[in-house]
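K.L.:
I'd like to ask you about the structure that follows.
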Amino acid sequence: MLAVADVGAEAAWQHGRTMPSDRNWPHDPRYDDAALEQFEERLRRANRASRPGYLRVKGATLLDHRDPAATLVAIRLLHRATESGHFLEVPWAHELLGKAYRMMGDLDAAEHHYRQCMATADEHGNGTTKVTELFLAEVLLQRDDRGDLVEVEELLSSSDLRQSLLWNSYIFRYYVAQARLARRQRCDPREWAALALELAGDRRPQLPRHPTVGLVDPNPEVIAELRVLAQG
C-alpha cells in the first residue's frame, strides 16, 4: 500500500479526474444513498471470493475523504471485510480500521484493530503496509500511560519494522515516534527530531514517475513540535 499525497476524492470525482470505470467501480468515492445502493448491487453480482476485496477497496477509498460521515461508512464496510476469513483481506481491513478509528479519535478501537492486523497477517505481513507496528506505537504514544512505553520501545526496535521502512513518509513517522518516545522516557530527543526535520525538508521524489509517492507531508503542528524537541 503506497503512501500518496492526500487528494479530496469527492472533489476530484466531481471534476472528472477520478471517475471510476465500470471495471474500477469499488474506487467510486461517492457515498450517498444512491451510490451505496449501486455498490451493494454490484457487490451482490460479484464473484463471492472477490467481495472482501471490493469491501476493503471501497472502505479505503472513503477514508481518503477524511470526513467523519465518509469514515463511518468506511468502518461499516471494513468490518464486513474482516468477517470474510480471507487471508489477505482480513488483516488489511483491520489495519484500515485502525486508521479509521484513529481518525475518529477512538484510540482503544484503533489499538484493537492494529493488534488484530498483526495477529491475522502471515509471517511476511502480506495484505498490510508491513509497518503496522509503527502505527500501533503511534497510538500508544498518544496515551498518558507510561506502562505503554516499554511496548512502544519494543515495537520501534523490531528488525522487521526497520527493514520495512522503505518510504520517506514512513521513515519520517518512525523518527517522530522515536523522538516522542525519548521525550516521554526523559531521554534526549534531539537526534531523532533533527533527523525527522531533515527528512521533512527533502523534496526529492523516490519514484521519478510518481513524485508524490512516499513524500513527507507533515502537519505544521508536528513540525513545530519537532523544532522544540530538536532544541532539547
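The values are calculated or read from the model by the stated rules, or taken from the named source; none is laboratory data. Predicted, not measured: the structure shown is a model, and the values here were computed from it. So basically every Cβ, Gly included, is an ideal-geometry build from the backbone, and we count neighbours across all protein chains shown.
K.L.:
Of all residues in segment 201-229, count the ones that are among the small types (Gly, Ala, Ser) and farther than 25 Å from Leu166 by Cβ.
P.N.:
Initial filter on segment 201-229 (among the small types (Gly, Ala, Ser)): 201, 214, 224.
Right, trim to farther than 25 Å from Leu166 by Cβ and you get 224.
Adding up the residues that qualify gives 1.
K.L.:
Test His124 against the stated conditions and say whether it is over 20 Å from Tyr101 (Cβ atoms), in the same structural domain as Gly105 (by TED's automatic domain parsing) and loosely packed, with under 14 Cβ neighbours inside 10 Å. Break it down into steps so the answer makes sense when it comes.
P.N.:
Working: over 20 Å from Tyr101 (Cβ atoms): yes; in the same structural domain as Gly105 (by TED's automatic domain parsing): yes; loosely packed, with under 14 Cβ neighbours inside 10 Å: yes.
Answer is yes for this residue.
K.L.:
So Val150 ticks every box in (1) among the β-branched types (Val, Ile, Thr); (2) in the same structural domain as Glu221 (by TED's automatic domain parsing); (3) under 30 Å from Ala81 (Cβ atoms) but one. Which box is left unticked?
P.N.:
The one condition Val150 does not meet is (3).
K.L.:
Hey, among the residues in segment 188-232 that are of a type in the set (Val, Ile, Thr) and over 14 Å from Tyr175 (Cα atoms), which one's surrounded by the fewest Cβ atoms within 10 Å (Cβ to Cβ)? Outline the logic, then answer.
P.N.:
As a first pass, look at segment 188-232 and keep what is of a type in the set (Val, Ile, Thr): 212-213, 216, 222-223, 228.
Narrowing the set further to residues that are over 14 Å from Tyr175 (Cα atoms) leaves 212-213, 228.
Details: Thr212: 16, Val213: 16, Val228: 11.
The qualifying residue surrounded by the fewest Cβ atoms within 10 Å (Cβ to Cβ) is Val228.
K.L.:
Any idea how many residues of segment 153-173 are of a type in the set (A, V, I, L, M) and part of a helix (DSSP H, G or I)?
P.N.:
Step one: filter segment 153-173 for residues of a type in the set (A, V, I, L, M), giving 155-156, 161, 165-166, 171.
Going one step further and asking which of them are part of a helix (DSSP H, G or I), we end up with 155-156, 161, 171.
The qualifying residues number 4.
K.L.:
Could you identify the single residue in Val216, Val176, Val139, Val150 that is outside any helix (DSSP H, G or I) and among the β-branched types (Val, Ile, Thr)? It would help to see each step written out before you state the result.
P.N.:
Details: Val176 fails: outside any helix (DSSP H, G or I); Val139 fails: outside any helix (DSSP H, G or I); Val150 fails: outside any helix (DSSP H, G or I).
On inspection, the qualifying residue turns out to be Val216.
K.L.:
Give just the number: which of (1) more than 19 Å from Leu229 (Cβ to Cβ); (2) at pLDDT below 95 does Arg146 not satisfy?
P.N.:
(1)
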